[in-house]
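Beneath this line is the structure, given in structure tokens, with notes to follow.
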Amino acid sequence: MKKLFIANWKSSMSAGDVTRFLKEFKNPKPKLAEVALASSFLHLSQLKKVDIKVAQDVSVHPVGAFTGDIAADQLSEAGVSMCLVGHSERRIYHAETEDDIFAKIERLLAARIYPVLCVGENAEEREQNKTAAVLRRQLSVLKDVSMPELVIIAYEPVWAISTFQTGKKKNTATNEQIVEAHQLIRKILISMIGEDGECAEILYGGSVTPENSAAIINLDDVDGVLVGGASTDAKKFMKIINNLK
Ligand code: PGA
């Protein structure tokens, strides 16, 4: 099965940075690697030659009088085929609720865009052994989703995301922690959406770098990665992908 590599550029890139990235980025060697780029809305039109264009967010509303929002149908018109939903930065800085996330997933599915649902516990929740409860709550939106089999899951423990870490010592999830969480997510998915949960794609995200990607992306339980910081550098992102066996 192919493994998916999504670059999440957040709000980090200028138009010039995107141009430079695209010039430097060469198609990866591994045949089983599928590459997707999540640019800001402003730069989606620069990704003409990119097969999988990803948006970082979508409006809960349809096309209409919603100033500042970008609707799923508009993303579809711009050639977007995947969209992140419920990223921890949206949940934290924009107080996104499970209801918002559910609405976004439904809008995307109606516009034939694959939602990438980001889930993951923060440091305090992990310390208090609440990881399973958090994942269950965040995944529960899928119970009522019309086509849950089309939703891609990204496990992104908040404590391992590079941009939330201010100290010198960076926390990264160990392979054991990743495998354990992915297996737990699979179990929860099966209990919520039945057989469809067995083949759901589960990506990992959180401080993935050229140095640690070989160990992570070749794990059987990992169907791909969502890369933030290291994906803004074309060379680093290519190295991450080329570590796929
Ligand atoms: P990071 O970000 O790779 O910089 O930790 C991942 C993400 O937030 O999607």
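The values are calculated or read from the model by the stated rules, or taken from the named source; none is laboratory data. Quantities reported herein were computed from a predicted structural model and do not represent experimental measurements. Glycine gets a Cβ as well: all are built from the backbone with ideal geometry, and neighbour counts include every protein chain shown.
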Tell me, please, whether a residue that is of a type in the set (A, V, I, L, M), within 19 Å of residue 87 (Cα to Cα) and modelled with pLDDT under 95 can be found in region 176-199. no
Mind telling me which of the residues 131, 97 ends up being touching a residue at least 12 places away in the same chain (Cβ under 8 Å) and among the β-branched types (Val, Ile, Thr)? 131
Considering residues of region 228-239 that are within 11 Å of the ligand (Cβ to nearest atom) and over 21 Å from residue 89 (Cα atoms) only, the residue surrounded by the fewest Cβ atoms within 10 Å (Cβ to Cβ): 236
Mind listing whichever residues of region 211-227 are away from the ligand (no atom under 14 Å from the Cβ), polar (S, T, N, Q) and buried (at least 17 other Cβ atoms within 10 Å of the Cβ)? none
Extreme residue, farthest from the ligand (Cβ to nearest atom), among residues of region 148-173 that are part of a loop (DSSP other than H, G, I, E, B) and at pLDDT 95 or above: 151
Can you tell me how many residues within region 200-245 are closer than 22 Å to residue 11 by Cβ and small (Gly, Ala, Ser)? 8
Selection within region 174-209 - away from the ligand (no atom under 12 Å from the Cβ) and within 18 Å of residue 36 (Cα to Cα): 200, 201, 202
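Would you tally the residues in region 11-21 being within 16 Å of the ligand (Cβ to nearest atom) and either farther than 20 Å from residue 82 by Cα or crowded, with 18+ Cβ neighbours inside 10 Å (or both)? Walk me through how you get there before you give the answer.
Within region 11-21, the subset within 16 Å of the ligand (Cβ to nearest atom) is 11-13, 17, 21.
From the residues that got through so far, the ones that are either farther than 20 Å from residue 82 by Cα or crowded, with 18+ Cβ neighbours inside 10 Å (or both) too are 13, 17, 21.
Going through region 11-21 one residue at a time, the tally reaches 3.
So which of 120, 79 is surrounded by fewer than 18 Cβ atoms within 10 Å (Cβ to Cβ) and not basic (Lys, Arg)?
On the way: 120 fails: surrounded by fewer than 18 Cβ atoms within 10 Å (Cβ to Cβ).
That would be 79, the only listed residue that is surrounded by fewer than 18 Cβ atoms within 10 Å (Cβ to Cβ) and not basic (Lys, Arg).
Looking at this structure, is residue 92 closer than 28 Å to residue 50 by Cα, among the hydrophobic types (A, V, I, L, M, F, W, C) and within 16 Å of the ligand (Cβ to nearest atom)?
Numbers: closer than 28 Å to residue 50 by Cα: no; among the hydrophobic types (A, V, I, L, M, F, W, C): yes; within 16 Å of the ligand (Cβ to nearest atom): yes.
Taking the combined requirement at face value, the residue does not satisfy it.
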Residue check, residue 138 touching a Cys at 6+ places or on another chain (Cβ under 9 Å), more than 27 Å from residue 31 (Cα to Cα) and assigned to a helix (DSSP H, G or I): yes
If you scan region 192-215, which residues turn out to be within 15 Å of residue 238 (Cα to Cα) and assigned to a helix (DSSP H, G or I)? 213, 214
